[in-house]
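Worksheet for the structure shown next.
The values are calculated or read from the model by the stated rules, or taken from the named source; none is laboratory data. All figures in this text were calculated on a predicted structure; none of them were measured in a lab. Using ideal geometry, Cβ is built from the backbone for each residue, glycine included, and neighbour counts are taken over all protein chains shown. The area values use the complete protein model at the heavy-atom level, side chains included, leaving out ligands, DNA and RNA. Shrake-Rupley method; radii C 1.70, N 1.55, O 1.52, S 1.80 Å.
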Amino acid sequence: GPHAPVASASVSATTGCASNAACAAGAICRRATGACMALDAGRCRAVADDATRRSDDTVWIGVMFPQTGPDAALYGMGSVRAVELGRRDFVDIANGFPRTTGPARPIGLLVCDDAEDPTSSADHLARVGVPAIIGFSRSKEVLDLAASHFNPLGILALASNQAPMLAGIPRAPTGERMVFRTTTSATMVVEPTALFITQELAKDVEAASAGRKEPLRVALLRPQNATGLGYAEAFVRSLRIDGRPLAERPDSFRQLVRPDVPPTPADLRATVDELIAYAPHVIMDDYWNGPGLIEAVEAAWPKGRLRPRWLWGSLSEEDVAALHAKRDLGKRLFRIDTPASTSANARYVLRHNEVFP
């Protein structure tokens, strides 16, 4: 099953190998140790054709994203497809990894499900001898593996995680940086978000209040993880209410910290009750809440009270269309994100849909 324990060893019965030909099917020769290593183990599986599996020149790249649970459909499986697309393009264009002399080296992927026990998957990838791992499910996972695997073992990590503290990971003992981020930091959207609230939403709230002037109240829902903590700290430093920092306006901001798991019905009810009691003018989301919380709060919102503006980061276009159809949210629902209509994204989408129709 998806949560079965990872095998403690992935060495085949044959040892003292000099090439893959000396190993059983499904294993490769790790010449650095002279041992045959099974490619598939625990939550890890090889993605490569037979010729790539057999070749002694193959470069095996580790991939760690959630392949089970709610995050698999949300971003895990799509992320693996993106890596596989890159592998195919290298193979199609350059026959693999080019080198200064001789033919290009084949590329294989070892894809691991890191929804549970990522350390065991990283152990397997290290035993196989991957030079790099692309991932990951959580920023905390990157922080932990940097200390236990990436830096001490010299494994390059390409992380698509947003926690600000990833930029502070120490270098390896050799002085090389082994962890690189491939996306924006969570704090990069803090300043434009704070300005949007103070320059646009505050005016909108004042205009809709029919002369009932009161200090702006902002609520932030965030997960109890490294990314959420970093975002909240940066936001508190950046937001100004009537030109004054939040330290001078403590009643103008409240954060609701929730476990980094899908909310239960009890969690949802408690969150709705807390938001109704605080009565924020702006509700922000740094969390995978989806449209359910918006629906619940809007349904419970007291009649006659000014309804909140929503700055929601985790809605799909389908969610937005459904909310607009069911609720009067056309002018109260906003999202701040990186630009999607770039030429690089357009080329990626075209190529992705060609390979994965």
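Helix 226-238 axis versus longest C-alpha principal axis of the chain: approximately 40°, rounded to the nearest ten. Between the amide H of GLN67 and those of ASP114, ALA115, distances stay under 5 Å, these residues lying 5 or more places away or on another chain, with hydrogens modeled in the peptide plane. In terms of the mean number of neighbouring beta-carbon atoms within 10 Å, the peptides 62-72, 237-247 order highest first as 62-72, 237-247. When the Cα convex hull of the chain is projected onto planes of every orientation, the mean area is 21.8 nm².
Taking one equal scatterer on every alpha-carbon of the range 11-142, how large is log10 of I(q)/I(0) by Debye at q = 0.11, 0.19, 0.22 1/Å? Results for the range 11-142 at q = 0.11, 0.19, 0.22 Å⁻¹ read -0.39, -1.08, -1.29. The shape of the range 251-324 can be summarised by an equivalent ellipsoid whose semi-axes, obtained from the alpha carbon gyration tensor, come to 18, 16, 12 Å from longest to shortest. If R0 equals 41 Å, the separation of the Cβ atoms of ALA322 and THR174 corresponds to a calculated FRET efficiency of about 0.20.
When only alpha carbons of the range 293-347 are considered, Rg and Dmax amount to 14.1, 49 Å. Remark on the range 102-179: Rg and Dmax equal 12.8, 42 Å (Cα only). Compared with the dominant Cα axis of the chain, that is its longest principal axis, helix 343-355 is turned about 60°. Sorting 144-151, 322-329 by average packing, meaning the other beta carbons within 10 Å per residue, from highest down gives 144-151, 322-329.
The slack in the chain from ALA208 to THR264, taken as 0.36 nm per residue of separation less the alpha-carbon distance, amounts to 16.8 nm. Summed over qualifying helices (DSSP H, 4 residues or more, each -39500 (n - 2.57)) and divided by its residue number, the chain shows a 222 nm mean residue ellipticity of -9500 deg cm²/dmol.
Take each peptide in 51-58, 40-47, count the other Cβ atoms within 10 Å of every residue, and average; sorted highest first, the result is 40-47, 51-58.
If you take all other residues with their beta carbon under 9 Å from the beta carbon of LEU323, and give Lys and Arg +1 and Asp and Glu -1, the sum is -1. The order of ASP273, ASP260, ASP251 by accessible area, most exposed first and with a 1.4 Å probe, is ASP251, ASP273, ASP260. Its Cα centre serving as origin, the chain has a Cβ charge dipole (Lys and Arg +1, Asp and Glu -1) of approximately 540 debye.
For the range 39-102, dividing the convex hull volume of the Cα atoms by the residue count gives 95 Å³ per residue. Normalised by residue count, the range 163-263 yields a Cα convex hull volume of 141 Å³ per residue. Placing unit charges on each Cβ (+1 for Lys and Arg, -1 for Asp and Glu) gives the chain a dipole about its Cα centre, and among ALA172, GLY304, GLY243 the Cα reaching farthest toward its positive end belongs to GLY243.
For the range 219-357, the percent of C-alpha pairs falling in each 5 Å distance bin, counted from 0 to the bin holding the largest distance, reads 2, 8, 16, 19, 19, 15, 10, 6, 3, 2, 0. In this rough spin-label picture, where each label sits 7 Å from Cα along the Cβ direction, the ARG54-ALA279 distance is 7.5 nm.
To put it simply, the accessible area of the chain at a 1.4 Å probe is 55 percent carbon and sulfur.
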